[in-house]
Amino acid sequence: MRAKARAHTNIALIKYWGKRDEKLFLPTNNSLSMTLDQFYTETVVEFNPDLKQDKFILDGIEMNPEETAKVSRFMDKIRRYTGQSHYALIDSINHVPTAAGFASSASGYAALAAAAMKASGVSFSENELSIMARQGSGSASRSIYGGFVEWQKGEKEDGSDCYAVPILEQGAWDLRVLSVEVTHEVKKVLSREGMKRTVETSPFFAGWLEAVAEDLVEAKAAIAKRDFIHLGETLERNALRMHATTLGANPPFMYWQSSTVKVMEAVQALRENGIHAYFTIDAGPNVKVVCQPEDEEQILDALSELDVVQNIYRCKVGPGVSYLEG
Ligand code: PMV
């Protein structure tokens with residue numbers, strides 16, 4: 001009736017951008033990520049027959065009814081799937097710099113899904129776990145696994161073939177990610193709303209779908225050959241293509257700030273000096289710079305000098321979900 005799980009965040013090298021079914025969190029395209037070692041969530045779920053409703057504690061603070069209702073809706077999906085009938089105490093600690101605006105929904109829903117499925121007492125496969133996590137936050141489907149991970153969009157309407165699969169294990173390729181924080185501000189257009197508006201109104205969305213399919217093939221080929229420059233060029237191009245769709249939306253929107261662009265320019269300047277660094281950006285202004293271990297210090301030094309940079313977090317390739325005692 002009680003279980004504890006840990007899940008790490010991931011950074012998409014090929015982006016998930018667009019849903020074909022909002023209720024089931026079915027994406028319009030496959031995506032590909034690298035799990036990070038630095039940022040993770042630990043969650044305890046305890047089903048308890050005495051509870052009259054779910055109780056959600058985050059970082060030691062009991063959440064308000066609105067936040068709890070969101071998590072409760074997700075717990076309802078777990079209850080329906082596992083046949084568990086009791087309400088639960090959910091106690092979660094986010095080891096993610098919360099003020100930094102780094103997405104914690106991936107690690108959060110992956111850890112919650114894992115702890116809840118385990119606590120329910122049913123046996124389940126990793127595919128099933130990925131499917132459950134997906135229904136909390138799409139990117140959470142990928143955080144089930146460590147290393148490099150592909151989330152397959154699947155073909156079926158019920159989403160039963162829409163889950164992530166590992167494509168390269170954690171220790172197989174030592175890449176680094178510098179998470180560059182340029183602002184503490186909370187994002188203005190949440191990813192859910194941003195995707196919806198883009199799918200419904202951006203004439204560039206059709207182009208995105210065509211491009212992302214090609215980028216995915218390139219990225220997988222680069223990973224198979226451990227060809228960093230090929231992967232870097234592909235992931236940076238894919239991020240720019242995703243962000244281009246938002247400029248075509250109605251009303252248009254943009255996740256970048258001037259500080260974001262300064263970091264992008266600095267990465268391009270590093271490359272002009274022969275250093276292999278490539279950037280990617282999610283639904284917010286912070287920038288992630290992907291590089292190889294031998295270039296990390298030099299890139300860190302160069303980016304630290306920018307006055308727009310507030311913090312840089314150094315990440316390696318991280319592990320998948322684990323279950324903990326206590
Ligand atoms: O899973 P969500 O709703 O947090 O959406 C994630 C969207 C991006 O971060 C922009 C891309 C991705 O694949 O993670």
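Observations on the model:
- Residue within segment 226-237 that is in contact with a helix residue (DSSP H, G or I) (Cβ under 6 Å, 6 or more places away or on another chain) and touching a residue at least 40 places away in the same chain (Cβ under 8 Å) present: yes
- Failed item, numbered, when residue 103 is tested on (1) aliphatic (A, V, I, L, M); (2) in a loop (DSSP other than H, G, I, E, B); (3) modelled with pLDDT of 95 or more: (3)
- Only one entry of 80, 73 meets the criterion of being within 16 Å of the ligand (Cβ to nearest atom), closer than 22 Å to residue 124 by Cα and of a type in the set (Lys, Arg), and that entry is 73.
- The listed residues are 206, 164, 211, 133, and the only one of them that is of a type outside the set (Phe, Trp, Tyr), over 16 Å from residue 11 (Cβ atoms) and buried (at least 24 other Cβ atoms within 10 Å of the Cβ) turns out to be 133.
- Residue ID - nearest to residue 105 (Cα to Cα), chosen from residues in segment 134-158 that are of a type in the set (Gly, Ala, Ser) and either more than 13 Å from the ligand (Cβ to nearest atom) or touching a Leu at 6+ places or on another chain (Cβ under 7 Å) (or both): 136
- Picking from residues in segment 23-42 that are within 11 Å of the ligand (Cβ to nearest atom) and of a type outside the set (A, V, I, L, M), the one that is nearest to the chain's Cα centre (by Cα) is 33.
- The single condition among (1) under 19 Å from the mean Cα position of the chain (by Cα); (2) within 14 Å of the ligand (Cβ to nearest atom); (3) surrounded by 15 or more Cβ atoms within 10 Å (Cβ to Cβ) that residue 197 does not satisfy is (1).
- Segment 12-29 residues that are under 14 Å from residue 156 (Cβ atoms), paired with ones that are of a type in the set (Val, Ile, Thr) and assigned to a loop (DSSP other than H, G, I, E, B) (beta carbon under 8 Å, 6 or more apart): 20/28
- Test: residue in segment 182-190 that is surrounded by fewer than 24 Cβ atoms within 10 Å (Cβ to Cβ), under 19 Å from residue 117 (Cα atoms) and more than 14 Å from the ligand (Cβ to nearest atom): no
- Applying the criterion of at least 2 residues that are surrounded by fewer than 18 Cβ atoms within 10 Å (Cβ to Cβ) to the strands (runs of 3 or more DSSP E) found wholly in segment 237-326 leaves 311-316, 322-324.
The values are calculated or read from the model by the stated rules, or taken from the named source; none is laboratory data. Just so it is clear, the model here is predicted, and its values are computed rather than measured. Positions of Cβ are backbone-derived with ideal geometry, glycine not excepted, and every protein chain shown enters the neighbour counts.
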